[in-house]
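Structure, as structure tokens:
The values are calculated or read from the model by the stated rules, or taken from the named source; none is laboratory data. Remember, it's a predicted structure, so these values are computed and weren't measured experimentally. A quick note on method: Cβ atoms are made from the backbone with ideal geometry, for glycine too, and the neighbour counts reach across all protein chains shown. The area values use the complete protein model at the heavy-atom level, side chains included, leaving out ligands, DNA and RNA. Shrake-Rupley method; radii C 1.70, N 1.55, O 1.52, S 1.80 Å.
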Amino acid sequence: MSWTQPALLTCLLVLSAITLFDGADSAVSDKRDAVNPQGALRKIFMPEADAASFFKRRSRRAVKTQDEINAEQRQRLAADERRREYHEEQRNKYENYAEEENDEQDERTREKTEQWREFHYDGLDPSYEYNRHTI
């Protein structure tokens, strides 16, 4: 019971402090804020007249201006160039990989051939086994 009195006193002090300060911003927006949007809302929403003419500027079937055509063509060319560079880079990576694999395979084959020759060497040069004349 000893903690209830200080807790009740603290709640009363906070409640009285809130009611005394009228200058604090309220959590609920007023109607005047909805009529006059400020800050980010002005950037998002446009006046009704501009919104009505936004889609009327150019219909879907209207002819594009030369600037629009040029801009789209530049975008297409830039995308093609990026695609070409990407594929060239991938091709170079694969070619390097294939070349390294072939080199490693050639090295392994050469080592195995040398080992086979050392194992089968009979002291004659060139080896008798492979220069034998059949009678």
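State which residue is modelled with the highest pLDDT when the search covers only the range 1-28 and only residues that are among the small types (Gly, Ala, Ser) and open to solvent by 90 Å² or more (accessible area, probe 1.4 Å). Reasoning before the result, please.
Start the filter on the range 1-28 by keeping residues that are among the small types (Gly, Ala, Ser), which leaves 2, 7, 16-17, 23-24, 26-27.
After this cut, where a residue has to be open to solvent by 90 Å² or more (accessible area, probe 1.4 Å) as well, the list is 2, 27.
Working: Ser2: 80, Ala27: 52.
The selected residue is Ser2.
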Q: May I ask you to list pairs of residues, at least six apart or on different chains, whose Cβ atoms are under 7 Å apart, with the first in the range 101-121 being open to solvent by 100 Å² or more (accessible area, probe 1.4 Å) and the second being of a type in the set (Gly, Ala, Ser)?
A: Tyr121/Ser127
Q. So Glu85 clears everything in (1) at pLDDT 95 or above; (2) exposed (fewer than 10 other Cβ atoms within 10 Å of the Cβ); (3) acidic (Asp, Glu) except one condition, right? Which one?
A. (2)
